[in-house]
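Peer 1: Dumping the structure here so I can ask a few things about it.
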Protein chains: 2
Amino acid sequence: MIIKKQNMKQETRKGMRNGPGEVKISHMVPGDSIINGRLMAELSLEPGSGIGLHRHDKETEYYIITEGSGLVTEDDGKKDVIKGDIVVTGNGQSHSIENTGDTVLKFIAVIITE
Amino acid sequence: MIIKKQNMKQETRKGMRNGPGEVKISHMVPGDSIINGRLMAELSLEPGSGIGLHRHDKETEYYIITEGSGLVTEDDGKKDVIKGDIVVTGNGQSHSIENTGDTVLKFIAVIITE
């Protein structure tokens with residue numbers, strides 16, 4: 001099955017996980033259609049926007065950075081990310097992400113459940 | 001955990017699934033590190049290269065097209081894909097993909113197992 005970009009469900013969330021600004025979410029597939037998963041989406045954050053710190057239990061979230069750059073906070077500190085990097089967060093770990101660059105930050109978020 | 005692009009395992013496969021040309025694979029995470037999954041990688045195909053028809057049982061593969069364009073064959077026919085589209089193949093279905101454009105075709109492949 002092929003889902004065209006223009007047919008994906010769009011969503012805008014302000015203050016996502018108590019982060020600054022807003023996050024545009026393009027759901028590539030409906031979350032409830034994924035066996036052993038619950039999210040596969042492209043997220044877009046303008047400079048200054050972010051997703052606040054949150055924890056993943058019994059699931060792993062992957063952020064695949066596809067455009068721009070940002071700052072990720074994990075349990076062991078803050079780290080820069082750029083296009084091509086991946087952030088892996090599971091097993092009770094937490095993460096946040098903020099667009100600290102001057103261009104849009106885009107990443108694909110995938111959550112695989114246990 | 002953050003994995004930088006330059007630290008990802010690179011692989012080149014010729015005649016992948018009996019397809020034409022070769023496929024460059026950048027493994028974003030080791031396949032065996034994924035709970036309920038076995039692949040998360042960026043695949044790059046030059047014009048004319050492709051991955052031959054193959055079937056997915058007890059798992060679903062997602063191709064998230066990130067650059068270029070191509071032609072996908074599914075059980076019900078051939079379909080064009082471009083940047084932003086997603087190909088979803090599971091439940092005993094088959095797919096193949098070929099770069100029919102004149103620029104590199106890139107996509108992120110994710111396999112979630114059942």
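Bear in mind these aren't lab numbers, they're just calculated from the coordinates by the rules spelled out. A quick note: this is a predicted structure, and the numbers were derived from the prediction, not measured. In this analysis, Cβ positions are derived from the backbone assuming ideal geometry, glycine residues included, and neighbour counts consider all displayed protein chains.
Peer 1: Among A:Glu98, A:Glu61, A:Glu42, which is more than 13 Å from A:Ile111 (Cα to Cα) and of a type in the set (Asp, Glu)?
Peer 2: Among A:Glu98, A:Glu61, A:Glu42, only A:Glu98 is more than 13 Å from A:Ile111 (Cα to Cα) and of a type in the set (Asp, Glu).
Peer 1: Here is a list of conditions, (1) part of a strand (DSSP E or B); (2) within 8 Å of chain A (Cβ to nearest Cβ); (3) surrounded by fewer than 17 Cβ atoms within 10 Å (Cβ to Cβ), and B:Ile35 meets all of them except one; can you say which number that is?
Peer 2: With respect to (1) part of a strand (DSSP E or B); (2) within 8 Å of chain A (Cβ to nearest Cβ); (3) surrounded by fewer than 17 Cβ atoms within 10 Å (Cβ to Cβ), B:Ile35 is out only on (1).
Peer 1: I'd like the residue in segment A:8-24 that is part of a strand (DSSP E or B) and within 14 Å of chain B (Cβ to nearest Cβ) and, out of all such residues, is surrounded by the fewest Cβ atoms within 10 Å (Cβ to Cβ).
Peer 2: Within segment A:8-24, the match that is surrounded by the fewest Cβ atoms within 10 Å (Cβ to Cβ) is A:Gln10.
Peer 1: Is at least one residue of segment B:79-86 more than 25 Å from A:Lys106 (Cα to Cα), within 11 Å of chain A (Cβ to nearest Cβ) and without any contact (Cβ under 8 Å) to a residue 24 or more places away in the chain?
Peer 2: Yes: segment B:79-86 contains one or more residues that are more than 25 Å from A:Lys106 (Cα to Cα), within 11 Å of chain A (Cβ to nearest Cβ) and without any contact (Cβ under 8 Å) to a residue 24 or more places away in the chain.
Peer 1: Residues in segment B:51-94 that are outside any loop (DSSP other than H, G, I, E, B) and either closer than 23 Å to A:Gln10 by Cα or of a type in the set (S, T, N, Q) (or both): how many?
Peer 2: Going through segment B:51-94 one residue at a time, the tally reaches 18.
Peer 1: Tell me, please, whether a residue that is more than 29 Å from B:Lys9 (Cα to Cα) and touching a residue at least 24 places away in the same chain (Cβ under 8 Å) can be found in segment A:95-111.
Peer 2: yes
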